[in-house]
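Heads up, the thing below is written out as structure tokens.
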Amino acid sequence: MNGPLPFRRAAGSAAAPELPEVMRRVAQGDKEAFSVLYDALAPTVFGIVLRIVRDPAQSEEVAQEVMIDLWRRAARYRSDAGPVTAWAATIAHRRAVDRVRSAQAATDREHARAVRDHHTPYDDVAEQVETRLESEQVRRCLRGLTELQRQAVTLAYYRGLTYREVAETLRAPLPTIKTRMRDGLVRLRDCMGVTT
């Protein structure tokens, strides 16, 4: 050991350690010095982490990681760069933010996986039955149209012909075809129970 640890008197408190000297000794592997450092900084480190992480159990874990990091990186501390508490607070803040980001990324990945893997139950049989029922209803309603209406609607909607092409195919005037199709579609709509 290098002798007793130096202390300074803080106003209204017990003796507080001179942290730069404590850090120098921690950098040399002094476990007693690390114990002093731990007692001096752990509450501050935990407070910073808890404000960011918000979960006490995770905050304790991150605070422990920070304290271990301080032990391992003690030789990198430079007193001319700032106080030990500021250095420790910076490390604590960065670790806490990393933990929150990591947790958020994991949550985002899980959500994306759940969305990607989510399959809406699909009942193929029910879909086929519904399609057949609709087809049967259309056929029944088509049978209720006049011959010219049925032919015009069938050519336009099932064969994809234009009004003009329907008129040419049925050898009927274009205005007559338009009227028959409009009347036929109105009758189909009413028969199918479609509301507009």
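In table form, for the structure just shown:
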{"item": "Flag if Asp124 is surrounded by 13 or more Cβ atoms within 10 Å (Cβ to Cβ) and either basic (Lys, Arg) or free of Cβ contacts under 8 Å to residues at least 12 places away in the same chain (or both)", "result": "no"}
{"item": "Test: residue in region 107-116 that is surrounded by fewer than 10 Cβ atoms within 10 Å (Cβ to Cβ) and of a type in the set (A, V, I, L, M, F, W, C)", "result": "yes"}
{"item": "Entirely in region 81-172, the helices (runs of 4 or more DSSP H) that have 1 or more residues that are more than 30 Å from Leu41 (Cα to Cα) and in contact with a Cys (Cβ under 6 Å, 6 or more places away or on another chain)", "result": "124-143"}
{"item": "Test for Gly160: is it open to solvent by 40 Å² or more (accessible area, probe 1.4 Å) and of a type in the set (Gly, Ala, Ser)", "result": "yes"}
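The values are calculated or read from the model by the stated rules, or taken from the named source; none is laboratory data. Remember, predicted model here, so these are calculated numbers, not experimental data. Please note: Cβ atoms are built from the backbone with ideal geometry, for glycine as well, and neighbour counts cover all protein chains shown. The accessibility values were calculated without ligands, DNA or RNA, using every heavy atom of the protein model including side chains. Shrake-Rupley method; radii C 1.70, N 1.55, O 1.52, S 1.80 Å.
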